[in-house]
Every structure is written in C-alpha cells, then in structure tokens.
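The next block holds one structure in the form of structure tokens; read it before the comments.
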Amino acid sequence: MNGGRPSFGGASESAGRAQTQRSSAALVGVQTRTRAPEVAPRGQGSAELQRRREHALLIMRLNEQRRREQQMGCYEVRVRRREPGLEPLRFQALFGQDVQTRLEALEGLVELQPHAAVTYSTLHSVLEERQQAPELRVKALELLANYPPPLEEDQLMELMIASAWDKEITVRKAATRALAAHPDPRSIGPLMGLLGTKDPELRRLAESSLSKIAADLGPPPERIDGDA
C-alpha cells in the first residue's frame, strides 16, 4: 500500500521510453542526412558530370594516341590529313569578327598542325585574298618564314614571291624576309626589282635576302658549249 501517495515509478519508465524513442529518431535522422549525399544526383547535374568525365577520357585517349604515333614515326603522315578538330580555327582565321582574333587563330593553327592540309589551305587563302587586312598577310608570311625549307606547297611559294610586290609595304617587307628563309631561283627577279625602291629599309632587306639566297643556292652551273 502507498498510503494514497502517487507512485512515480511508472512515470519515470514512460519518460525513459519516450527519451529513448526521441534519441533513436534523432539518430535515424542523422544517419539519413549523412547518407543522403552518397546518392548520385539526377537530372542536369548528373548529365553535366558524366559529360565532363567523357570529355576528360577523350582527351586522355587523344594524348595517348598522339604519343604512340610520335614514337612510331607516324606523326608526320597523320597530320597531313584534314582533321575536323582544326576546322573551328580555320573558320576563325578566315572569318573572325576582328583582326586580332583572326591573327591568333592563324597562329594557333600553325602551332598545332603546321603540315596539315587545312593549315596550308588557310595560309593560301590569307595570302591570296588581297582585300583582307594587311596584318593577316604579314602574319602568314612570318609564320611561313619559320617553316623548314624547302616549302612543300609550291603554290604557297608562288604566293610568297607575288607578295614581294604587294601594295602594302609592310607585306613586301615580310615577304622579303620570308623569301630569304626559302631560297628559290624564282624569287631573285622580284627581289632585284625591290633594289630600286625608295624605302631604305626595304632596300636593305632585299639586298640581304638576295645575298642569302645566292649563298644557299650556290654558283650557277658551268656553261656548256652550245648553251644559249
């Protein structure tokens, strides 16, 4: 008998069970929140992540393929093919919104694949179109001056020679320097014509280029009896 006094044992037990249930629920909530980020996101975020992974794998495969081709000595053969990856640079070089963009695209094209067919055709188009900004023709000639001689594309050689008589003096100076880097008998006549120009720098460039071309080509063959 409790003598009419209330018993607190049952209340304590009920309070303990309630506290245990709240603790369990809180623990489940923490575990749920902790595991939630492990679920892969769906929708646009997941697609973007997958795209980045595929792009990274593609770059790795391309780099590995190029490394193997260089080791096997096949690189020069492959780069002469028209590669779709170069088309955006070609488009920017020919139809970019401003001159600086076109200059950078042209230089990037030559740096990436100097002997690709698309690179040669782009340089050809730039030199052939006389209505374009002269800075583009100057850049094309400067890039060609750094190619190892002899120049593989004869049409480019002819355009370089023709550029010695371009209406813009900056282009004529760039052509004179480029012709010195690619000695060719056909360039002697146009360069000799520049010896009478009024611009002293262009005259000096023409003299220097003629001297280098003559040294590289060597003396003419001995005359044979009967030759005209």
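The values are calculated or read from the model by the stated rules, or taken from the named source; none is laboratory data. None of the values given here were measured: they were computed from a predicted structure. Neighbour counts are summed over all protein chains in view; Cβ atoms, including those assigned to glycine, are modelled from backbone coordinates with ideal geometry. Side chains included, ligands, DNA and RNA excluded: accessible areas come from the protein's heavy atoms. Shrake-Rupley method; radii C 1.70, N 1.55, O 1.52, S 1.80 Å.
Details
- Accessible surface ranking for Asp154, Asp166, 1.4 angstrom probe, highest first: Asp154, Asp166.
- Pair Arg177, Lys198: separation of 7 Å Cα→Cβ label points (nm): 2.4 nm
- Each label point was placed 7 Å from the Cα along the Cα-to-Cβ direction; for Ser125 and Ser208 their separation is 3.3 nm.
- Inter-label distance, nm, simple model (7 Å from Cα along the C-beta direction), Arg68/Gln132: 3.6 nm
- The order of His182, His55, His115 by accessible area, most exposed first and with a 1.4 Å probe, is His55, His115, His182.
- Peptides ranked, highest mean first, by Cβ atoms within 10 Å: ranges 135-141, 116-122, 193-199: 135-141, 116-122, 193-199
- Considering every alpha-carbon pair of the range 92-228, the percent of pairs per 10 Å bin, from zero through the bin containing the longest distance, is 12, 41, 30, 13, 3, 1, 0.
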